[in-house]
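The structure appears right after this line, and notes come after that.
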Amino acid sequence: DGLVDELIVLDSGSTDDTEIRAVAAGARVVSREQALPEVPIRPGKGEALWRSLAATSGDIVVFVDSDLINPNPMFVPWLVGPLLMGDGVHLVKSFYRRPLQVGDVGGAAGATGGGRVTELVARPLLAALRPELGGILQPLGGEYAATRELLTSVPFAPGYGVEIGLLLDTFDRLGLGAIAQVNLGVRAHRNRPLAELGAMSRQVIATLLSRCGIPDSGVGLTQFFAVGPEGPDGQSYTQHTSPVSLADRPPMKVLRPR
């Protein structure tokens with residue numbers, strides 16, 4: 001009791017019952033527009049997390065993804081602990097076992113196999129470009145805690161680049177000693193199809209390259225999808241290009257100095 005001063009859901013334009021359920025559970029719901037009304041909205045996760053800094057006031061901020069399945073209520077105290085007890089710690093990343101559900105909802109769930117973008121994209125790139133961060137188990141994990149001092153002093157990368165951007169910015173500014181990790185056990189969430197993971201990976205790559213001083217083309221990812229009956233004569237392909245952004249949001253203290 002007394003550890004959590006604010007419980008806020010940053011509503012990024014949901015059209016379901018998110019607000020009703022969150023309020024019923026005791027949370028305060030803040031829309032993107034309310035969080036920072038003077039700034040035009042951009043799409044994506046990074047935008048929502050950046051705006052949440054304007055909607056909160058605590059010296060420590062904990063982010064928890066909203067698509068978790070049966071999350072342990074101890075996630076928040078476990079993440080906050082190293083910031084209260086550790087000297088010089090500014091960012092606490094979580095790690096966990098990630099089940100992968102096979103097939104549609106209700107399909108069999110493997111004990112491991114989740115976090116495909118992490119294992120196939122993020123960690124190999126970190127090994128190549130920032131090997132000092134090779135011991136970070138879940139660099140893209142959405143459950144983490146940080147000091148407001150840190151969060152308001154760094155830019156926020158767009159979309160799904162936000163986590164890798166924050167990790168690299170913390171390391172580059174404060175060193176490895178400012179980063180701690182906490183074992184949260186098991187984390188289950190909605191597993192995304194490969195097409196969505198491809199677009200997510202493209203943004204992660206763009207942000208990681210940018211933070212490492214490597215130019216990115218800025219060209220979105222074009223994916224091809226089979227349509228029609230199978231076979232050499234009946235099947236054709238359509239293409240779709242997902243945009244990628246190289247535009248960070250500035251440190252919040254530039255807009256809202258305390």
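The values are calculated or read from the model by the stated rules, or taken from the named source; none is laboratory data. Source: prediction; values computed, not measured. A quick note on method: Cβ atoms are made from the backbone with ideal geometry, for glycine too, and the neighbour counts reach across all protein chains shown.
In this structure, is residue 192 touching a helix residue (DSSP H, G or I) at 6+ places or on another chain (Cβ under 6 Å) and surrounded by 11 or more Cβ atoms within 10 Å (Cβ to Cβ)? It is false that residue 192 is touching a helix residue (DSSP H, G or I) at 6+ places or on another chain (Cβ under 6 Å) and surrounded by 11 or more Cβ atoms within 10 Å (Cβ to Cβ).
Just one of the numbered conditions (1) of a type outside the set (D, E, K, R); (2) part of a loop (DSSP other than H, G, I, E, B); (3) modelled with pLDDT of 90 or more; (4) out of contact with any Asp or Glu (no Cβ under 8 Å at 6 or more places or on another chain) is not true of residue 13: (3). On the stretch given as the range 5-21, residues that are over 16 Å from residue 51 (Cβ atoms) and either crowded, with 17+ Cβ neighbours inside 10 Å or touching a Leu at 6+ places or on another chain (Cβ under 7 Å) (or both) total 0. Of the residues making up the range 164-187, not a single one is of a type in the set (Lys, Arg), over 30 Å from residue 84 (Cβ atoms) and modelled with pLDDT of 95 or more. Cβ-Cβ distances below 8 Å connect the following pairs, each with a first residue in the range 215-235 that is under 19 Å from residue 193 (Cα atoms), a second residue that is at pLDDT below 90 and among the small types (Gly, Ala, Ser), and a separation of six or more residues or different chains: 223/195; 225/195; 226/236; 227/236.
Look at residue 162 and say whether it is under 16 Å from the mean Cα position of the chain (by Cα) and either in a strand (DSSP E or B) or at negative phi (or both). It is true that residue 162 is under 16 Å from the mean Cα position of the chain (by Cα) and either in a strand (DSSP E or B) or at negative phi (or both). Residues of the range 194-229 that are of a type outside the set (A, V, I, L, M), at pLDDT below 95 and under 23 Å from residue 157 (Cα atoms): 196 alone. For the range 58-86, a residue qualifies if it is among the small types (Gly, Ala, Ser) and within 14 Å of residue 9 (Cα to Cα), and exactly one does: 66. Report every pair of residues separated by at least 6 positions or lying on different chains whose Cβ atoms are under 7 Å apart, first residue within the range 62-75 and over 7 Å from residue 143 (Cβ atoms), second loosely packed, with under 15 Cβ neighbours inside 10 Å and among the charged types (D, E, K, R). Note: pairs meeting the criteria are 67/190.
Within 24 Å of residue 59 (Cα to Cα) and not in a loop (DSSP other than H, G, I, E, B), is that true of residue 209?
Numbers: within 24 Å of residue 59 (Cα to Cα): no; not in a loop (DSSP other than H, G, I, E, B): yes.
Here the answer is no, as residue 209 does not meet what is asked.
Scanning the range 16-37 for residues that are assigned to a loop (DSSP other than H, G, I, E, B) and in contact (Cβ under 8 Å) with a residue 24 or more places away in the chain returns a single hit, 36. Report yes if some residue within the range 140-149 is more than 17 Å from the chain's Cα centre (by Cα), outside any helix (DSSP H, G or I) and surrounded by fewer than 16 Cβ atoms within 10 Å (Cβ to Cβ); otherwise report no. No, every residue in the range 140-149 fails to be more than 17 Å from the chain's Cα centre (by Cα), outside any helix (DSSP H, G or I) and surrounded by fewer than 16 Cβ atoms within 10 Å (Cβ to Cβ).
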